[in-house]
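Below is the structure I would like to discuss, written out as structure tokens.
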Amino acid sequence: MTTLKGLTGKEKTIAQEAVEALGASVRGGVYHDGDAEYDDARTIWNAMVDRKPGLVIRAKGANDVRQAVNFARENGLLLAVRSGGHQIAGHAVAEGALLLDLSQMTSVRVDPKTKTARVEPGASLGDIDAEAQAHGLALPVGINSTTGIAGLTLGGGFGWLSRKHGMTIDNLISADIVTADGALLRASKDENPDLFWAIRGGGGNFGVVTSFEFQLHEIGPEVLAGLIVHPIADAPELLKRYRDIADGAPDELTIWVVMRKAPPLPFLPEEWHGKEVLVFAACHCGDQTEGEKAMKELRSLGSPIADVIGPAPFQGWQTAFDPLLTPGMRNYWKSHDFDTLSDDAISTLLGAIDSLPDPNCEVFIAHLGGEMARVPVDATAFPQRSAHFTMNVHTRWENASGDEPCIEWARKLFKDTAKYSTGGVYVNFMPDDEASRVSGAYGDNMQRLSEIKAKYDPGNLFRLNHNIAPTNVAQAAQ
């Protein structure tokens, strides 16, 4: 007998014969506590999440996914879906639940003639970069190569190429998705267009994607990119100048800000290691001569400790922040969207940098706009198109003893900067204690999302996420 948590939270006992029949029906296998595959599947990027599912199904294809979804629905089981396992909230694993692990489905197939890619949900951004760059192509994705493509795409997806070529969802052509009834559907602008609209930003609320089809773009193989490091003491004036430079930047240029204690980077003088710094991370994805012109004003600011802007392989630049985002650390994030960086917001941010609770903690400011802002708010489920900057308060530490000071620091900065924000938020930056912010994440698109949820998942089988309740449930709660 196997005990699993049901949808209502109560335990359910599943007969051994049923578990064995499930195992015989899937290629990837069924695993219990004690199996090496079980621990591998339940271990995710954020070390704060240490949960033990009741049973693990490792999928190797769409049929395995259908078998898992049918098994969960027919037995009324709580179902967690893990692809890359990189989401900050840790929804990929739930205590006692049935875990559907997609991490073995990693195929990436690029068609250089059509400049498209067919990608399975377990693939990482690094997998996609490697295959696409072999043909001088790239997909707008995030900035950490170990991130999984499924969660990134379903939440929106943005990075160095998004100002020029839009978000990841803006480059999604179609998706194969297993819905709550076990059907395998194709979602595109021509087939199940309501579902296609919903999965472009609506998260994993509507089913399990087994394959994505993306439009790629000609990039590189080199871009003009790198870091400019300044003393934090110069940050008040630098950030005000940065704000103006970002507002007037061409679409090809993206400039992110990082504020933290300097890691021991080889190009930094040793006396700066461990001291607070302001870092401009910049990437120009177009002609490099034009890139030099576009970055001239940024590079002329202040007296930097180091300026390592130069031609770089795009695939390598995509891994530049990997050392700061390795798995196995404890992580907690808080995020706001801003239309602009006001002087008061800048002062508040810098005040927090004076009291960083751990050397691994940092504040990111992502530079948005450009092409991603030209998409109408109601064109996809993701509505936060007007935000020009997104702040991610990224607290990161090694031991549980750091939980309280790091989380309290992040929450305080989040609270102190709320008055300057749009009220919106990027759903992929939300921790698991922000259920009340889901409506803010989707704004005026929330009602339509709830209606589509009721059509494809009326029983809310896919609830382990930043959940969108189906219309019938949402109305009953009012």
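The values are calculated or read from the model by the stated rules, or taken from the named source; none is laboratory data. On a predicted model such as this, the values are computed, not experimentally measured, just so you know. Methodologically, a virtual Cβ is constructed for each residue, glycine included, from the backbone with ideal geometry; neighbour enumeration extends over all protein chains shown.
Ala198 - would you say it is more than 28 Å from Pro311 (Cβ to Cβ), modelled with pLDDT of 95 or more and not assigned by TED's automatic domain parsing to the domain that holds Ile149?
No.
Further question on the same structure: Taking the stated definitions as given, is Glu404 surrounded by fewer than 18 Cβ atoms within 10 Å (Cβ to Cβ) and touching a Lys or Arg at 6+ places or on another chain (Cβ under 9 Å)?
no
Kindly list the number of the only condition in (1) assigned to a loop (DSSP other than H, G, I, E, B); (2) under 18 Å from the mean Cα position of the chain (by Cα) that fails for Val393.
Only one criterion is unmet by Val393, namely (1).
Name the single residue that is surrounded by the most Cβ atoms within 10 Å (Cβ to Cβ) among those in the range 153-165 being within 17 Å of Val375 (Cβ to Cβ) and hydrophobic (A, V, I, L, M, F, W, C).
Leu154
So, one more: Just give me the residues in the range 1-32 being in a loop (DSSP other than H, G, I, E, B), within 27 Å of Asn467 (Cβ to Cβ) and not basic (Lys, Arg), in sequence order.
Hits for the range 1-32 are Leu7, Thr8, Gly9, Val26, Gly28.
For the range 56-78, which residues satisfy the criterion of being among the aliphatic types (A, V, I, L, M) and either assigned to a loop (DSSP other than H, G, I, E, B) or surrounded by 24 or more Cβ atoms within 10 Å (Cβ to Cβ) (or both)?
Val56, Ile57, Ala59, Val65, Ala68, Val69, Ala72, Leu78
Going by the conditions given, is Thr168 within 9 Å of the chain's Cα centre (by Cα) and β-branched (Val, Ile, Thr)?
Details: within 9 Å of the chain's Cα centre (by Cα): no; β-branched (Val, Ile, Thr): yes.
The answer is no for Thr168.
List, please: which pairs have Cβ atoms under 7 Å, are six or more places apart or on different chains, and start with a residue in the range 390-416 that is among the hydrophobic types (A, V, I, L, M, F, W, C) and end with one that is modelled with pLDDT of 95 or more and surrounded by fewer than 13 Cβ atoms within 10 Å (Cβ to Cβ)?
Close Cβ pairs (under 7 Å, with a partner that is modelled with pLDDT of 95 or more and surrounded by fewer than 13 Cβ atoms within 10 Å (Cβ to Cβ)) amount to Trp409/Ser355.
Restricting to the range 307-343, count the residues that are modelled with pLDDT under 95, surrounded by 15 or more Cβ atoms within 10 Å (Cβ to Cβ) and not in a loop (DSSP other than H, G, I, E, B).
Number satisfying all stated conditions: 1.
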